[in-house]
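Data block below; observations after.
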Amino acid sequence: MSVHAQPKVTSPQPHAATPPRRSFSFFHALRFRESYCAWIFIAPALIGFLTFYLMPAFRALYISLTDWNLLRVPKFIGPANFSKLWNDPNFWNSMKVTVLYVLYNIPIQTVIGLLLAVLLARLGRSVILRSVILAPYLIANVIAAIIWFWMLDPLLGFGNAVLQWIGIGRIPFFTDQQLALPTIAVVNIWRHMGLTALLFYTGIQAIPRDIYEAARIEGAGAWRSFFGITLPLIRPTMVFVLVTSIIGSFQVFDSIAVTTLGGPNYATRTIVWYIYENGFVNFRMGYASALSCALFVCLAIVTLVQMRILRSGQSELG
Amino acid sequence: MAKLDPEVTHVPKAREDAGPTRPGASIRSPSRRRPGGGGSPSRFRFSVWVGYGILAVFAIISLGPIWIAFKTALSDSSTLFTGASSLLPQHPTLFNLERVIGLINPTDPRLQQTSFGKVDFYRALMNSMAFTLLAVVPQIAFSAMAAYAFARLRFYGRRLIFFLFLAATMIPSVVLFIPNFILIKDLGWLNTYQGMAAPYALMTPFAVFFLRQMFLSTPRELEESALIDGACYFTIFFRVVLPVHRSALATLTILASINAWNEFFWPFLVGRDRSVQVMAVAINSFRAQQAGGVPDWSGLMACTVLGIVPVAILLVLFGRKVVESLQYTGFR
């Protein structure tokens, strides 16, 4: 043992700018040469990234140019899927449904989030309270949806029993063509309001308190300091919250898969559900890929426009 | 580049809850100490109570539906109609929980009488556990290695690769699911654990960004002195970097585990077989079984309760860690 340990102990500076003679050894270089080490460190993640992110991204683009049902060999048909998509009323309807869903979601979720954040910052900063409002976000989408599906069950659900009791009468929330989509939006708002509130709360915490102090001395009330200080100064958080929650709501799938399955009468057939139906129910891989590429383009445009409008790069706090 | 990465730019701006330096307190506390002086204290007090009232209402809204699920799971299924509007379980029983995880003997008369759905939720929970472990443990290890390289080591192409990692987060997951499904199918991995876990096992962009940010936010002196002492980069990584950041690693592990536990879309595509289906997929197929008639609500709610419990345990044990890391990163 001691014989083996000897060279290591005696070699004074085995690495660094002026390597000793052992640096000619390949294995020594693997351990001490910065760039070699870097590649070893990054290799597994890079392989994962190439296999499951980068390569599929290009492959999706290729598949979208083919006609393919998974059984035969993919047939290259050029941009035919995209022209089909452009003329597909079901695609446009699913886009309409998705945009409506986003419009139901985002304003309410943002306002509730802001309200809760301000109240948390002013009144209750306990971790327990924050955990409680965050709890819905930590349970699975599927579970959140199924719980609401049960609560709003026309026959046995607690929510409908209460509605009956206060005299409104039972409402078939998930099977009514007008109500199904807003109801799924409510489930989403319920699940995300806590997270939104926490993100705004963090943004508010970062505002120096002497600004509020100065405003108070100038005679600004609570409302004035909210609209004059809080709201402008949390703009980076606002951009982050809006961008991520809009991107997230555009891709709603889980709660639809477990409740309405795109119905009733396609009222909840959002774009991702439509992609799923094409790709994994009817096995039209080419068309499903084309749809998903269209979704990607939409999201990229929405994100860029938002960042431009909200001037995401700048902050008044400096 | 920074524009593309809201998560990373978001982290350092956040401040710890610094006791009395919070903005709200500075406005409120003086008038609370001197209720007689300045302004209108009674109105002020009123608005404070309204604020607490709103918070309480939202706390109830948050937990109410979850409580209803618990209540239903603990109710005798024959009382679902009569007890629909009650807040407490009627004839409380563990029977539903026991039957969905197969603790009740199949010849038990109570199972024969009613129209209970068929589900092996014990199997689903074990599958979820396996999927979570397989997806999270290697993911954290490999993401930590990559994050260390991005944060500390100089190599050709570092900026490009990191930019590609960032850009990948912009791609909606459904775009990648189609080719990934085909890849898993070609590998013959449909309905296997490795097929479900593979896309998460080697890295997720979030894990890499989160850890890179953590590594960047600590001074590098310790690592440099280790380097001078003759440690190679692997020794530094395992002996210095990982121990120093064990709290961040634990936080990320908790977040990634919650996410994997709740995962639905991808396992639903590649792991639908009963032998491998995870919790969320099992709940979905359990509910789809009875699409025609009246669903087995008490059984379904028993499943949801069992699906919530592990997350609830994590939240109770590590509440502060979970809440604070989420509020600074917006885990998506």
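Scanning the range A:224-265 for residues that are in a loop (DSSP other than H, G, I, E, B), out of contact with any Ser or Thr (no Cβ under 6 Å at 6 or more places or on another chain) and of a type outside the set (Ser, Thr, Tyr) yields a total of 6.
Every residue, every condition in (1) surrounded by fewer than 18 Cβ atoms within 10 Å (Cβ to Cβ); (2) over 30 Å from B:Gly83 (Cβ atoms); (3) of a type in the set (Ser, Thr, Tyr), yes or no:
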{"residue": "A:Leu85", "(1), (2), (3)": "no, yes, no"}
{"residue": "A:Pro89", "(1), (2), (3)": "yes, yes, no"}
{"residue": "A:Ser94", "(1), (2), (3)": "no, yes, yes"}
{"residue": "A:Val111", "(1), (2), (3)": "yes, yes, no"}
{"residue": "A:Ala135", "(1), (2), (3)": "no, no, no"}
{"residue": "A:Leu138", "(1), (2), (3)": "no, no, no"}
{"residue": "A:Asn141", "(1), (2), (3)": "no, no, no"}
{"residue": "A:Phe149", "(1), (2), (3)": "no, no, no"}
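State all residues of the range B:142-161 that are touching a helix residue (DSSP H, G or I) at 6+ places or on another chain (Cβ under 9 Å), surrounded by fewer than 24 Cβ atoms within 10 Å (Cβ to Cβ), hydrophobic (A, V, I, L, M, F, W, C) and without any contact (Cβ under 8 Å) to a residue 24 or more places away in the chain; if no residue qualifies, say none. B:Phe155, B:Ile161 - these are the residues of the range B:142-161 that are touching a helix residue (DSSP H, G or I) at 6+ places or on another chain (Cβ under 9 Å), surrounded by fewer than 24 Cβ atoms within 10 Å (Cβ to Cβ), hydrophobic (A, V, I, L, M, F, W, C) and without any contact (Cβ under 8 Å) to a residue 24 or more places away in the chain. Taking the criterion of being out of contact with any Gly (no Cβ under 9 Å at 6 or more places or on another chain), more than 8 Å from chain A (Cβ to nearest Cβ) and surrounded by 13 or more Cβ atoms within 10 Å (Cβ to Cβ), the residues of the range B:77-91 that qualify are B:Ser78, B:Thr79, B:Gly83, B:Ser86.
Checking the stated criteria, A:Leu199 turns out not to satisfy the condition of being more than 10 Å from chain B (Cβ to nearest Cβ), part of a helix (DSSP H, G or I), over 24 Å from A:Asn265 (Cα atoms) and modelled with pLDDT of 90 or more. B:Asn191: more than 13 Å from chain A (Cβ to nearest Cβ) and touching an Asp or Glu at 6+ places or on another chain (Cβ under 8 Å), yes or no? In short, yes. For the range A:128-175, enumerate the residues that are of a type in the set (A, V, I, L, M, F, W, C), without any contact (Cβ under 8 Å) to a residue 24 or more places away in the chain and more than 8 Å from chain B (Cβ to nearest Cβ). Correct list: A:Leu163, A:Ile166, A:Ile168, A:Ile171, A:Phe173. Does A:Tyr36 meet the test of being of a type outside the set (A, V, I, L, M, F, W, C), under 30 Å from A:Ser83 (Cα atoms) and either modelled with pLDDT under 95 or touching a strand residue (DSSP E or B) at 6+ places or on another chain (Cβ under 9 Å) (or both)? So A:Tyr36 fails the test.
Total residues in the range A:101-116 satisfying the condition of being more than 30 Å from A:Tyr266 (Cα to Cα) and more than 10 Å from every other protein chain (Cβ to nearest Cβ): the figure is 2. Scanning the range B:152-167 for residues that are under 18 Å from A:Arg33 (Cβ atoms) and small (Gly, Ala, Ser) gives a single hit, B:Gly157.
The residues of the range B:287-298 that are surrounded by 24 or more Cβ atoms within 10 Å (Cβ to Cβ) and in a helix (DSSP H, G or I), listed by number, are B:Arg287, B:Trp297, B:Ser298.
Looking only at the range A:211-223, residues that are within 18 Å of B:Val48 (Cβ to Cβ) and either assigned to a helix (DSSP H, G or I) or away from chain B (no Cβ under 11 Å) (or both) come to 4 in all.
Of the numbered criteria (1) crowded, with 21+ Cβ neighbours inside 10 Å; (2) out of contact with any Lys or Arg (no Cβ under 6 Å at 6 or more places or on another chain), the one A:Gln177 fails is (1).
The values are calculated or read from the model by the stated rules, or taken from the named source; none is laboratory data. Bear in mind that the values here come from a model prediction, so they are computed numbers and not experimental data. Neighbour counts are summed over all protein chains in view; Cβ atoms, including those assigned to glycine, are modelled from backbone coordinates with ideal geometry.
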